[in-house]
Amino acid sequence: MTLKLGIDVGSTHTDAVILSARNEFVGAVKAPTTPDVTAGVVNSLDAVLQKTGVDPSEVRLAAIGTTHCINAIVERRRLAKVAAVRISLPAGVGVEPMIDWPEDLKRAVGGTYFAVEGGYEYDGREFNRLDTSKLREVGRTVVEKKFDAISVTGQFSPVRNDQEVEAAATLREVVGEEVPISLSHEIGIIGLVERENAAILNSATVEVAKAAARALEEALERRAIRAKLFFSQNDGTLMSVEYAKRYPVLTILSGPTNSIRGAGFLTGLNETVVVDIGGTTTLAGILVKGFPRQSSSAVEVGGVRTNFRMPDLISMGNGGGSVVRNVDGLVTIGPDSVGYNIDTKGIAWGGSTVTATDVALADGYAEISEDPRVDVSRTKKLEKAFVKSAVSKIVENVERSIDMIKTSREPMPVVLVGG
């Protein structure tokens, strides 16, 4: 028998599922997400193998939607020191690279850039010749200052990419093959600053992706799973491990796209609104011909505007772990969340923080029967008026996200996922 393994990492839980070659359900588990994402993935892998009792050698395909890279960006940890090269002189320096980045993220990636002569006009005509001698000088600085990675962004490179390709080859002659180099035309679209930001973030997360892939491959191998490993990407498709290592930013929103495509698969709907209620946020997206609708505008990642392939999503701090407060008589939901700490901080678990899950349990429209640590009676101390107001606010947020993601007045089905 040939089996398929799928793993999806969320802010609160990491899910693992095994399907047959014909997509017949074999078994699934939900394990807590851990601060070290890889540990949570391994825990869910072990749990699903134990629960199903399948022969690990029969698992031939494994696909994972991971938060390794987005976590590194949001937490400002484990990011590479990047030498950002912009090919545009004598123009294109009125707005410096990383000028609008949050200072802590800018520091985390080194905050260093080099401007080089070159670039193209909007119609592909050469604006200026590429200064390869300056690039060799940049390469020597990269080696001397021990930069971890390089990003190269040329003026109008999506129109014509020759100079970016030549720049990478020139830099390779100096820095060698080990230093990752990201070319902006391979990642983003027209829009110099946003495309440059995407290339820098890609270079900054290459080592994170490599480490994650290595750990996952080793985990599969130790369990005698000889499966081909794939990563899910932002547009709802799969990519090989090697591709994920080269373009890690394309995994950043793979979690929501997993939910959106999964909703379509389970319902048989190809055109629908999908609302994914996670541990920290509620995300609304739209399936178009079976795939998530892509954003046509710049998307902010970790406080940085980018323009690479991303699903069109509306995000609200309205997840199961979102903190619920009464502020001067007004009930608020989120945006902060207890995340995977809900089992120690949530009221129903004996903690002291009111979460959206506690509200759902107190109102009676949700139940948790598989966790013996949950005692619904603990939520009875919440005032009924507060609970009713919180429920109304949660529903209002979900309805608003649906209205915001729709682009037409025509009625559409809505699929709720998670919770």
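The values are calculated or read from the model by the stated rules, or taken from the named source; none is laboratory data. The structure displayed is predicted, hence computed values, not measured ones. Positions of Cβ are generated from backbone atoms using ideal geometry, with glycine treated the same way; all protein chains shown enter the neighbour counts.
So that you can scan it fast, the table gives a plain yes or no per residue for (1) closer than 18 Å to Val301 by Cβ; (2) charged (D, E, K, R):
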| position | (1), (2) |
| --- | --- |
| Gly94 | no, no |
| Asp100 | yes, yes |
| Leu105 | yes, no |
| Val109 | yes, no |
| Tyr113 | no, no |
| Glu117 | no, yes |
| Tyr120 | no, no |
| Phe127 | no, no |
| Ser133 | no, no |
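Go through (1) in contact (Cβ under 8 Å) with a residue 24 or more places away in the chain; (2) closer than 26 Å to Ser203 by Cβ one by one and return the number of the condition Gly290 breaks.
Failing condition for Gly290: (2).
Of all residues in region 364-394, count the ones that are touching a residue at least 12 places away in the same chain (Cβ under 8 Å) and farther than 17 Å from Asn326 by Cα.
So the count comes out to 9.
Would you check if Arg86 is touching a Ser or Thr at 6+ places or on another chain (Cβ under 9 Å) and in the same structural domain as Asn161 (by TED's automatic domain parsing)?
Taking the combined requirement at face value, the residue satisfies it.
Among (1) under 21 Å from the mean Cα position of the chain (by Cα); (2) surrounded by fewer than 21 Cβ atoms within 10 Å (Cβ to Cβ), which single condition is Leu216 missing?
(2)
Among what's in region 292-336 and is within 14 Å of the chain's Cα centre (by Cα) and assigned to a loop (DSSP other than H, G, I, E, B), pick the residue that is nearest to Ile252 (Cα to Cα).
By that ranking, first place goes to Met310.
Taking region 330-344 only, how many residues are surrounded by fewer than 19 Cβ atoms within 10 Å (Cβ to Cβ) and touching a strand residue (DSSP E or B) at 6+ places or on another chain (Cβ under 8 Å)?
So the count comes out to 4.
Looking only at residues that are β-branched (Val, Ile, Thr) and in a loop (DSSP other than H, G, I, E, B) in region 43-90, which one is modelled with the lowest pLDDT?
By that ranking, first place goes to Thr67.
Rundown of residues vs (1) of a type in the set (Val, Ile, Thr); (2) in a loop (DSSP other than H, G, I, E, B); (3) more than 25 Å from Pro248 (Cβ to Cβ); (4) outside the structural domain of Ala298 (by TED's automatic domain parsing), yes/no style:
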| position | (1), (2), (3), (4) |
| --- | --- |
| Trp101 | no, yes, no, yes |
| Arg107 | no, no, no, yes |
| Tyr113 | no, no, no, yes |
| Asp123 | no, yes, yes, yes |
| Lys146 | no, yes, no, yes |
| Pro158 | no, yes, no, yes |
| Glu164 | no, no, no, yes |
| Ala168 | no, no, no, yes |
